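Read the structure below first, then the notes.
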Amino acid sequence: MASGTIGVAAMGGDAITVLARIQELERRNIPAAWLTTGGAGVDALSIFAAAAATTDRILLGTCITPTYPRHPIVTAQQVQVVANLAPGRFRLGLGPSHRPVIQQMFGIDFRTPLSNLREHLKIVKTLLREGSIDFDGKHYQAHARIEPVGNVPVMASALRTGSYEFCGAEADGAISWVSPYTYLRDVALPAMQTGAKKSNR
């Protein structure tokens with residue numbers, strides 16, 4: 001979100017409950033609402049499509065949308081809907097999730113999560129901003145055309161220095177998890193700056 005913007009985690013309950021909570025947050029002038037999609041819980045992008053159509057000001061963001069169960073073209077399609085309904089109000093956070101969820105629930109081999117995330121993010125960002133992609137990678141093939149939606153920030157989850165460096169190089173921000181402030185200041189931020197410098201960002 002914008003620098004200095006306070007956001008609230010709006011998760012918990014069924015889709016009707018979460019949607020009502022987001023609407024109430026807007027009525028209370030809370031600047032931003034965040035949702036994650038975890039396990040077999042309600043889908044954040046679907047709820048945000050409903051929230052986008054029934055709110056006017058509140059910023060909306062995912063932290064995170066898992067990459068493995070959803071093809072990046074599908075991710076871009078869903079983001080396109082939310083971005084059309086709430087121009088300038090949506091932020092996409094992507095991440096590979098965790099091995100127990102991906103392997104045990106979905107039966108998907110959780111190998112090389114950072115390279116999976118890198119390909120997913122590249123396809124989604126390219127489709128959203130340029131409207132077309134022709135990509136053949138290790139994890140995904142993507143050959144598609146959509147109506148571009150402009151500059152929807154696409155962030156990525158990060159825990160270790162390699163993922164923070166990746167965020168600095170290729171994402172529009174990093175989404176941390178259970179990380180103390182000193183780690184973010186002394187390890188994560190320098191890694192992001194290193195990645196950004198390598199990519200001339």
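The values are calculated or read from the model by the stated rules, or taken from the named source; none is laboratory data. Only a predicted model underlies this, so the values are computations on that prediction, with no experimental measurement involved. Backbone-built Cβ (ideal geometry, glycine too); neighbour counts: all protein chains shown. The protein model used for the area step is the full one, side chains on, heavy atoms only, and it has no ligands, DNA or RNA in it. Shrake-Rupley method; radii C 1.70, N 1.55, O 1.52, S 1.80 Å.
Taking only DSSP H segments of four or more residues, each worth -39500 (n - 2.57), what value at 222 nm results for the chain once the sum is divided by all its residues, to the nearest 500 deg cm²/dmol?
Numbers: 6 runs with 76 residues, N = 201.
Theoretical 222 nm ellipticity from helices: -12000 deg cm²/dmol.
What net charge do the residues around H143 carry, taking every other residue with its C-beta under 13 Å from that of H143, with Lys and Arg at +1 and Asp and Glu at -1?
Local charge sum for H143: -1.
Taking 0.36 nm per intervening residue step and subtracting the Cα-Cα distance, what contour gain separates V187 from H143 on full extension?
Fully extending the segment from V187 to H143 adds 12.1 nm.
How far is the Cα center of segment 87-105 from the Cα center of segment 43-78, in Å?
10 Å
How long is the gain from W177 to R28 if the chain were fully straight, where each residue apart is worth 0.36 nm and the alpha carbon distance is subtracted?
Stretched out fully, the W177 to R28 stretch lengthens by 51.0 nm.
Ignoring ligands, DNA and RNA, what percent of the 1.4 Å accessible area of segment 75-201 is carbon and sulfur? It would help to have the intermediate numbers written out before the result.
Details: 3500 of 6710 Å².
Carbon and sulfur: 52 percent of the exposed surface of segment 75-201.
Express in nm, to one decimal, how much length is gained between D136 and D56 on full extension, taking 0.36 nm for each residue of separation and deducting their alpha carbon distance.
24.9 nm
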